[in-house]
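Notes follow the structure.
Every number in this text was worked out from the coordinates using simple rules, so none of it is lab data. Computed from a predicted model, the values in this text were never measured in an experiment. FYI the Cβ positions are ideal-geometry reconstructions off the backbone, even for glycines, and counts take in every protein chain you see.
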Amino acid sequence: MQIEILELDEGRCRFLLKDASHSDANALRRAITSDIPKMAIDQVEFHLGPIMADGKEYESITPLFDEIVAHRLGQVPIPTDLELMSFREDCVCEGEGCPNCIVMYSLNKIGPCTVYSGDLIPLGHDAFKVKDTLIPIVDLDDGQAILIYAIAEMGTGRRHVKWQATSGVGYKYLPIVEIDETLCDQGMQCVSGCPRKVFDEVDGRPVPARPLDCTLCNTCAEECDQQAITVCSDPRNFVFSFETDGSMTSAKALELALKSLEAGFEEFARMVSELKAETL
């Protein structure tokens, strides 16, 4: 397998997977979806009772159930740095929770206001401050307040979707769009009929300028009365695309997915070798 990057920015990646089978492509898709480690809030402790602020007593209550607020906090993208953090079960603290495996946040707001993700304050390293600060959590009315402490830890999408670092993960066969110049009448029906705007008119002739945007719908071939257009796919090459939730860059997400896939292959090979050794 080979990878050729087509588009790459902080939150989105598009690439070609070359010389691969459908099984290879699906394995990579599952790795990008479920095997990338990331931080997410897993425990939330709510303060019970009145809250005093500015000489006024506020009721510790919100219009939503605590479970819903905790669920929303779990979906907030937490910055992830694997060089700083480790899985809690693999940490030297043996799962007790320490600065090497958990990050604690506080959230203290009084109404009336809207509580946003940016109101989460990391207790410790500022590197874990939430980057997407405008995710709404809950609206507070006058006299209402919220005081919580939340713990974020490492996980993967296989455990829960809140640890899924990517979204919109998908792939398609590499489209191949060809025009038979001997049959083309230059009617330009394909240029106007293509819903993905794959074709351009160049020197009075239709040209498939953006074949990677083709969805293999075959509309262009149906629009061509001369049957000069052929649309097919390459079963050994795939166009991949995905986005991240902001917890890490798209380049880092792809790197971690490939490392996870490689580790899985190595583990499978080791198990097969051990099985062969037992049968000899």
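Taken over the chain, lysine pairs spaced eight or more positions apart, or on distinct chains, with alpha carbons under 20 Å apart number 16. Translational diffusion of the chain was estimated from the Stokes-Einstein equation, with Rh taken as the Kirkwood radius over Cα pairs; at 20 °C and 1.002 mPa s the coefficient is 95 µm²/s. When shorter helices are ignored and each DSSP H run of at least 4 residues is given -39500 (n - 2.57), the per-residue value for the chain at 222 nm works out to -7000 deg cm²/dmol. Please give the helix 250-279 orientation as an angle from the longest Cα principal axis of the chain, in degrees from 0 to 90, rounded to the nearest 10. For 250-279 against the chain, the angle is about 90 degrees. Ordering Cys194, Cys217 from the fewest to the most neighbouring beta carbons within 10 Å gives Cys217, Cys194. Round to the nearest 10 and give me the degree value, 0 to 90, for the angle of helix 22-34's Cα axis relative to the longest principal axis of the chain. Roughly 20 degrees, rounded to the nearest 10. Among Phe199, Phe46, Phe65, sorting on how many other beta-carbon atoms sit within 10 Å of each Cβ, with the fewest leading, yields Phe65, Phe46, Phe199. For region 7-12, backbone phi angles converted through the Karplus equation (6.51, -1.76, 1.60; θ = phi - 60°) give residue-by-residue couplings of 9, 8, 9, 4, x, 9 Hz, Gly and Pro being listed as x. Remark: relative contact order (region 38-163) = 38 percent; criterion is Cα-Cα distance under 8 angstrom and separation of 6 or more residues. Taking only the Cα atoms of region 38-163, the ratio Rg/Rh comes out at 1.00, with Rh defined as the Kirkwood radius.
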